[in-house]
Amino acid sequence: MVGSIKASNHHNNGYGLEEKLDELRSLLGKADGDPLRIVGVGAGAWGSVFAALLQDSYGQFREKVQIRIWRRPGRAVDRATAEHLFEVINSREDVLRRLIWRCAYLKYVEARLGDRTLFADEILKDGFCLNMIETPLCPLKVVTNLQEAVWDADIVVNGLPSTETREVFEEISQYWKERVTAPIVISLAKGIEAALKPVPRIITPTQMINRATGVPMENILYLGGPNIASEIHNKEYANARICGADKWRKPLAKFLRQPHFIVWDNSDLVTHEVMGGLKNVYAIGAGEFSFSSRSKLFLSRISMHQYLFQMRGQTPDGMVAAHTNESATSKSVYFAHCTSEMIFITHLLAEEPEKLAGPLLADTYVTLLKGRNAWYGQMLAKGEISRDMGDSISGKGMIQGVSAVGAFYELLSQSSLSVLHPDEKKPVAPVELCPILKTLYKILIIREQPSQAILQALRDETLNDPRERIEIAQSHAFYRPSLLGQP
């Protein structure tokens, strides 16, 4: 058995896993004896869980499918994290037995004692993602050579942060020059870049992949939704949307769908992808966990992994709450303003923004509760981390909302996108009607204000009722198709 949980050959709806696999193989023209090759590129929390999800379900059909994941080699696991990992292993009898059976337990004992160094790719083979140590996955086939991983892949899953997608896929393009048929790419990345010339526009990860590799857009899809990686792995009920061209999105939705993970499909790829980046912006301002003054554990004394492990189960909180005695009322004020700004921005980006309201708010809600971007804002507000530590945090991975703040601010600051200010009755850049976004930019990007500025922005007596911002968006022709590269 490869996975930690033996996959049943039939789902509750009676449609078998093997039948779904055979159907996708047939659509891809796979001959008998030629396995369907699925490769995850990037081994963050969601990328690793996605690979494990496929391995748990389809890994038993070894002659028909091969599932692998690529991550960079050489990332050492520090001793404090190794100690935490050892605690996790010994707290889970099933994991302990599995490692002993695979003759892999001793190396974790040696790492706990400081007698050897573990590496991230090494522990991933045993089912431990460095960004999600406390949630053991099934063992995975790990490849550290990118060319070996992708050159003959039928389906590539982009689990990289948006900030790394372009660079890695530019390298991948070198290995695909001799391909006769283009692979399918499913991107999990939530983030954007802003291009200001010749006209202001958003560049999404799927567009980066298309431009870097030449893979046609009909073969590139985006999968997103209101979900938390560890909860999906633990089979908590969740749903997602796979967005893209008709050719592949419905077959892939069917292939990925499981009783606890419902996958819908939608044709609007770019807009859903942009919304996935937008909610991360405002999640940072809200935050995640609640830390009372008695339970503060400073990073100088313990590792980030230990800190995260000890704070599990705490109630949701935020950057705003950190400065307001954990006030639910203050958090609701922030939520009203951030959602009104998101609605305002969606009217700039979508011709029919009402269709996005439900998915966007659902994704925002779960990110505020447990997402890494919300956690990052919380930790900044509590002084447990600083901006000088960068956007990649041990135990969490890349905080994509930071770069998204910069991208959205730069984009919406362009005078060519001007809208009429409701009070001053003159054209202004859209960002002037987004005070939360402006404040986050000053805190995170140019660092001219402390995190307390988010509260000061909410207390500004000149701040408009968030309802008025929504009314402005709904009563004016704000839609700018050029922002998404459309005519």
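The values are calculated or read from the model by the stated rules, or taken from the named source; none is laboratory data. Treat the numbers as computed from the prediction; the structure is a model and nothing was measured. No Cβ is skipped: glycine too gets one built from the backbone with ideal geometry, and neighbour counts run over all protein chains shown. With ligands, DNA and RNA removed, areas are computed over all heavy atoms of the protein, side chains included. Shrake-Rupley method; radii C 1.70, N 1.55, O 1.52, S 1.80 Å.
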Residues in segment 39-72, backbone N under 19 Å from the label point at residue 117 (7 Å along the Cα-to-beta-carbon vector): list them, ranges by number please. 71-72
Hey, got the Cα dimensions of segment 140-200 along the principal axes, in Å, largest first? 40, 28, 18
Stretched out fully, how many nm does the piece from residue 388 to residue 148 gain, at 0.36 nm a residue minus the Cα gap? 82.8 nm
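For residue 460 and residue 101, compute 0.36 nm times the residue count separating them, minus their Cα-Cα distance, and round to one decimal in nm.
Fully extending the segment from residue 460 to residue 101 adds 123.1 nm.
Nearest 5 percent is fine: what portion of the DSSP beta bridges confined to the chain is antiparallel?
40
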Cα centre as origin, Lys/Arg/Asp/Glu Cβ charges: segment 94-244 dipole, Debye: 200
Go ahead and estimate [θ] at 222 nm for the chain from helices alone: -39,500 (n - 2.57) per DSSP H run with n ≥ 4, summed, over the residue count, rounded to 500. -13500 deg cm²/dmol
For the chain: accessible area per residue (Å², 1.4 Å): 42
Relative to the present Cα-Cα distance, how much length would full extension add between residue 178 and residue 351 at 0.36 nm per residue of separation? 58.3 nm
Can you bin segment 410-482 into rounded, prolate or oblate? Criterion: square roots of the alpha carbon gyration tensor eigenvalues sorted a ≥ b ≥ c, rounded for a/c under 1.5, prolate for a/b above b/c, oblate for the rest. oblate
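Heavy atoms only, probe 1.4 Å: what % of the accessible area of the chain goes to carbon and sulfur, would you let me know?
49
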Distance histogram for segment 367-455 (every C-alpha pair counted, 5 angstrom bins, percent rounded to whole numbers): 3, 13, 21, 22, 16, 11, 7, 5, 1, 0
Which of rounded, prolate, oblate describes the chain, given a ≥ b ≥ c as roots of the alpha-carbon gyration tensor eigenvalues and a/c under 1.5 marking rounded, otherwise prolate only if a/b is larger than b/c? oblate
In nanometres, what is the gap between the two model label sites at residue 218 and residue 235, each 7 Å from Cα along Cα-to-Cβ? 3.9
Residues whose built amide H sits under 5 Å from the amide H of residue 40, excluding neighbours closer than 5 in sequence, are 68, 69, 70, 157
Extending each Cα 7 Å along its Cβ direction at residue 141 and residue 447, get the distance between those two points in nm, one decimal. 4.4
Spacing of the two label points (7 Å from each Cα toward its C-beta) at residue 27 and residue 416, in nm: 3.8
Computed over all unlike Cα pairs, the Kirkwood hydrodynamic radius of segment 91-173 in Å stands at 14.9
Rounded, prolate or oblate (a/c below 1.5 giving rounded, otherwise prolate when a/b exceeds b/c) for segment 129-175 by Cα gyration tensor: oblate
With a Förster distance of 41 angstrom and the Cβ-Cβ distance between residue 266 and residue 87, calculated FRET efficiency to the nearest 0.05 equals 0.45
Candidate aspartates and glutamates - alpha carbon under 19 Å from residue 247, same-chain residues fewer than 8 apart omitted: 22, 23, 154, 218, 265, 268, 273
Taking Cα pairs closer than 8 Å and at least 6 residues apart, the relative contact order of the chain in percent is 14
State which entries of 190/370; 107/141; 254/370; 331/425; 235/370 exceed 22 angstrom in Cα-Cα distance in the structure shown. 254/370; 331/425
Given 131-143, 41-53, 69-81, the highest-first ranking by average Cβ count within 10 Å works out to 41-53, 131-143, 69-81
